[in-house]
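Written out below as structure tokens is the structure these notes cover.
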Amino acid sequence: AKALVTGANGYIAAWIIRTLLEQGYSVRGTVRSPAKGEHLTTLFAQYGGKFELSIVDDIMKDGAFDETIKGIDLVVHTASPFHFNVKVPDGASYCRVTCSLLTVCCRFDRARREGHTSILNSILKMKRVIVLASTACILQSGKSGKWDETSWNELSIQAVKENGVKASPVDAYRASKTLAEKAAWEFVEKHKGSLSWDLTTINPPSVWGPPIHEVPRVENLNASMLEFFNTVVKGTRSDAELASIGGGWVDIRDRIIVSGGPYYWQEIVDVANSIEPPPIAYIAKGKPGATKGKAYAIDYDTAKCNRILGIKFRSLQETVRDILVDFKRRGWA
Ligand code: NDP
């Protein structure tokens, strides 16, 4: 079977591609320019030509995927701007990119109307579409508790609607992810009966683990890994922040819907400091043990994940150790 992975040069996408290749899939990965694909070609050379690149310079362009989608059984859509440094926070443009899967969907509607059989056949050959969503689509910030898949992050959508370009970049990102996931489900609902494929959305919290994609400098890490680096290695958070900020996390190599567990940053720092021998010279300290036994502000119910997938997650200790060993190898810490 052949899989298409969008945003192939991203942190999570590179791990997804490696896993698919290991499982015997052929993979076509989209990147925005040939230069962005060079590292991947080297990284996946050992899989005997089963990995190929497809250059889609603007994934929002009408028909952008017409060629790329040919012969594909499985689509994994990961491309999305995952950073908060937009100059003018603009929920709408964030959203257009994240929703770009919909350009494929819109082609489906138009191809049917206008009789473009080759495009239609490509889309109809597909068996499954997986959208890399996020717990950002679920969690409503400011409210605490245990979250499950029945919840939608209406608060961020509302913030972007009310504040337009003045909305915070975090809300713009979260609204884009929520609207994109909703749009994907609405499309499937609308076309029930005429689609050959089903939709799966994966909603991870903070994804951590050693990167295998191209990261020339530590500043180029994606948002979740950069935060890990700045907090654990550099210690840029105050003791009060370490003891109060947290969420859910999962190791990238577990590629799984929900959460490996809840955390406070203080706990991550404590785990990092407990590793023997110390993987790097300096690790922030905070106030060791300050969050021991403290109830978590954010937690995720993993019952559905356990029921369907029955995966045993990696331990926090293993995730933290492997990231720090990798940072050291790269000369970052
Ligand atoms: P990365 O920043 O490493 O990768 C993002 C990918 O999206 C890159 O390939 C990037 O390409 C591409 N991309 C960004 N903007 C555009 C655009 N305008 N047009 C086309 N492609 C674009 O992020 P991650 O791997 O961490 O995240 C991937 C997905 O996973 C995202 O959808 C994110 O929302 C989701 N996610 C991530 C979590 C995490 O903790 N990392 C947690 C939950 C969800 P380019 O290099 O050309 O910019």
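Derivation of every value follows stated rules applied to the coordinates shown; laboratory data play no part. Predicted model, so just to flag it, every value in this text is computed and none were measured. Virtual Cβ from ideal backbone geometry, glycine too; neighbours counted across all protein chains shown.
Can you tell me the order of 202-210, 224-232, 188-196 when each peptide is scored by its average per-residue count of other Cβ atoms within 10 angstrom, highest first? Please report the intermediate quantities before stating the final value.
Details: 202-210: 22.7, 224-232: 20.0, 188-196: 10.8.
Going from most to least packed, we get 202-210, 224-232, 188-196.
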(request) Please report the base-10 log of the normalised intensity I(q)/I(0) for the chain, using a Debye sum with one equal scatterer per alpha carbon and no solvent, at each q in 0.10, 0.16 (1/Å). (result) -0.62, -1.54
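Rank these for me by crowding, I280, I16, going from fewest to most other beta carbons within 10 Å.
The order, fewest Cβ neighbours first, is I280, I16.
Too long at a 32 Å Cα-Cα cut-off: which of K182/K294; K143/K234; K143/K304; K61/K127; K285/K312; K61/K146?
On the way: K182/K294 34 Å; K143/K234 29 Å; K143/K304 22 Å; K61/K127 24 Å; K285/K312 29 Å; K61/K146 39 Å.
Long pairs (Cα-Cα over 32 Å): K182/K294; K61/K146.
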(request) Search the structure for amide H atoms under 5 Å from the amide H of V76, placed 1.01 Å from N in the peptide plane, and list their residues when 5 or more places away or on another chain. (result) L4, V5, T6, I130
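Add -39500 (n - 2.57) for each DSSP H run of 4 or more in the chain, then divide by its residues: what number comes out at 222 nm, to the nearest 500 deg cm²/dmol?
-11000 deg cm²/dmol
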(request) Could you tally the net charge around E149, taking each other residue with its Cβ under 9 Å from the Cβ of E149, Lys/Arg +1 and Asp/Glu -1? (result) -1
(message) From the gyration tensor of the Cα coordinates in region 207-329, what semi-axes in whole Å does the equivalent ellipsoid have, largest first, with each one equal to sqrt(5λ)?
(response) 22, 19, 13
